[in-house]
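The values are calculated or read from the model by the stated rules, or taken from the named source; none is laboratory data. Given the structure is predicted, the values throughout are model-derived calculations rather than measurements. Every residue, glycine among them, receives a Cβ derived from its backbone with ideal geometry; neighbour counts consider all protein chains shown. For accessibility, only protein heavy atoms count, side chains too; no ligands or nucleic acids. Shrake-Rupley method; radii C 1.70, N 1.55, O 1.52, S 1.80 Å.
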Amino acid sequence: MSKLGFGQNNKRYGLMKLVFVLSFATLVGIALFAHFLRTSSSSSISFTYQSIASLNRAAEKPADNIVASDSQDHQKEGSEHKNGSVEGRVLSATFADLPAPELEWEQMPSAPVPRLDGYSVQIKNLFYVFVGYRNLDHVHSHVDVYNFSDNTWCDRFETPKDMANSHLGVATDGRYVYIVSGQNGTQCRTAITTCFSLDTETRKWHRLPPLPAPRYAPATQLWRGRLHVMALDGWRTETPIPRGGPHRACVVVDDRLLVIGGQEGDFMAKPGSPIFKCSRRKEVVYGDVYMLDGEMKWKTLPEMPKPDSHIECAWVIVNNSIIITGGTTEKHPNTKRMMLVGEVFQFHLDSQTWSVIGKLPFRIKTTLAGFWDGWLYFTSGQRDRGPDNPQPRKVIGEMWRTKLHL
């Protein structure tokens, strides 16, 4: 009995020893694994904190001091110098000013009224400037005419009462101007379907068939004898554009139709507001460029140097290239504020490449651009708050010009 008892105790002791060894090994393994996790977590948190800190430091500095890298999406982590400047950043710099040469700008006679979201066409030496906001509670219902030959504002006439006052589509064939859809009234009233043509020789307006559905700021252009309105839908079924949206440049050159930049989303009326008070929606700005050629197929061309919107009438054609002035770009990632564009872009139609050829006197959106006798002109729009603040502020009617040497 005693021998039997001793054997059982011995086996029980061995079993307990084995359990103890296994438990100890398990605890050691858990401790090592936890230490590994803490180390990895600390490294990750440190990297994230450094990235956010760099982002915040860059955001606090004037936009003029922020230099865009070659890649907008992947930038190297930077270090902060003693003077506070940041060398390289993780943050996308699409909202920042791009390096550009200085242009010599000359201020010309200002427009009779300041205007935002106005529209324009140039017919020979005459520059027709249509409607627009003075402020959210006041819209214009007339056309001002500028003569490039003697640099004077030479005429003014009224628009039809039920024509859009902003966010319209516009195109010309060299005599007639076509006005398509848009917004009639102040604040953020609903879009309308009415369309008109203007005979610039007689100054008479004619009503056109309405658009099947209302559109805000539709990309509009005459091409191959037809009036094209680029939106999410259209009058008739044709080749759909890869991406819809407002506030784009729409250009016809050498029997090619180009649609440049723009955005998705915009201000809209606040639900239930009796005066259609504006409220902000999410906006995404693009630098996309699409071309519709003779085969009626959309082709994707190289993107703009930065996303750009509110450029419907901010372009001119010079020396087989498209010049674009100002606009709006992506919102600031920290403040979420709208950022204005202060560069002059050139798209070379032969090489299908972009370059930044200069700076405007200030950042500005919804400029109205013209070109005459070697001079690039722009007027009107909403400018920035100053050299160190690219947010929009004052609506202006100023006219500026610079001699282009391309």
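Is there a residue in the range 333-344 that is of a type in the set (D, E, K, R), closer than 20 Å to ALA100 by Cα and either in a strand (DSSP E or B) or modelled with pLDDT of 95 or more (or both)?
Within the range 333-344, one or more residues are of a type in the set (D, E, K, R), closer than 20 Å to ALA100 by Cα and either in a strand (DSSP E or B) or modelled with pLDDT of 95 or more (or both).
Only residues that are in contact with a Phe, Trp or Tyr (Cβ under 8 Å, 6 or more places away or on another chain) and open to solvent by less than 20 Å² (accessible area, probe 1.4 Å) were counted across the range 252-265, and they come to 7. Within the range 192-211, the set of residues being within 17 Å of VAL131 (Cβ to Cβ), of a type in the set (D, E, K, R) and not in a loop (DSSP other than H, G, I, E, B) comprises just one member, ARG207.
Can you give me the number of residues within the range 257-285 that are under 23 Å from SER120 (Cβ atoms) and in a loop (DSSP other than H, G, I, E, B)?
Within the range 257-285, the subset under 23 Å from SER120 (Cβ atoms) is 257-263, 266-267, 285.
With in a loop (DSSP other than H, G, I, E, B) added as a condition, the list becomes 261-262, 266-267.
Of the residues in that region, 4 qualify.
For (1) open to solvent by 10 Å² or more (accessible area, probe 1.4 Å); (2) β-branched (Val, Ile, Thr); (3) at pLDDT 95 or above; (4) closer than 18 Å to PRO160 by Cα, each residue gets a yes or a no:
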{"position": "THR202", "(1), (2), (3), (4)": "yes, yes, yes, yes"}
{"position": "ARG207", "(1), (2), (3), (4)": "yes, no, yes, yes"}
{"position": "PRO212", "(1), (2), (3), (4)": "yes, no, no, no"}
{"position": "GLY225", "(1), (2), (3), (4)": "yes, no, no, no"}
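When the range 141-156 is filtered for residues that are over 15 Å from GLY370 (Cβ atoms) and surrounded by 13 or more Cβ atoms within 10 Å (Cβ to Cβ), the ones remaining, listed by number, are SER141, HIS142, ASP155. For residues that are among the charged types (D, E, K, R) and assigned to a loop (DSSP other than H, G, I, E, B), scanning just the range 157-173, find the one that is least open to solvent (accessible area, probe 1.4 Å). The residue in question is ASP162.
For first residues located in the range 365-383 and over 24 Å from LYS331 (Cβ atoms), partners that are outside any loop (DSSP other than H, G, I, E, B) and of a type in the set (Asp, Glu) and lie 6+ apart or on another chain with Cβ distances below 7 Å form the pairs THR379/GLU398.
For the range 122-132, what are the residues that are closer than 17 Å to GLY169 by Cβ and either surrounded by fewer than 21 Cβ atoms within 10 Å (Cβ to Cβ) or in contact (Cβ under 8 Å) with a residue 60 or more places away in the chain (or both)? It would help to see each step written out before you state the result.
Our first condition is that a residue be closer than 17 Å to GLY169 by Cβ; within the range 122-132, this holds for 122, 128-132.
Across the range 122-132, the qualifying residues are GLN122, TYR128, VAL129, GLY132.
Within the range 194-215, one or more residues are among the hydroxyl-bearing types (Ser, Thr, Tyr), free of Cβ contacts under 8 Å to residues at least 24 places away in the same chain and under 30 Å from ASP293 (Cβ atoms). Would you check which residues across the range 350-364 are free of Cβ contacts under 8 Å to residues at least 60 places away in the same chain and part of a strand (DSSP E or B) and list them? THR353, TRP354, SER355, ILE364, listed by residue number.
Consider GLU312 carefully, then state whether it is of a type in the set (D, E, K, R) and part of a strand (DSSP E or B).
Working: of a type in the set (D, E, K, R): yes; part of a strand (DSSP E or B): no.
For GLU312, the condition - of a type in the set (D, E, K, R) and part of a strand (DSSP E or B) - is not met.
Going through (1) surrounded by 17 or more Cβ atoms within 10 Å (Cβ to Cβ); (2) modelled with pLDDT under 95 one by one, PRO99 falls short only on (1).
So how many residues does the range 376-390 have that are surrounded by fewer than 16 Cβ atoms within 10 Å (Cβ to Cβ) and either among the hydroxyl-bearing types (Ser, Thr, Tyr) or part of a strand (DSSP E or B) (or both)?
Going through the range 376-390, the residues surrounded by fewer than 16 Cβ atoms within 10 Å (Cβ to Cβ) turn out to be 385-389.
With the extra rule that they be either among the hydroxyl-bearing types (Ser, Thr, Tyr) or part of a strand (DSSP E or B) (or both), the set shrinks to 385-386, 389.
Looking only at that region, the number is 3.
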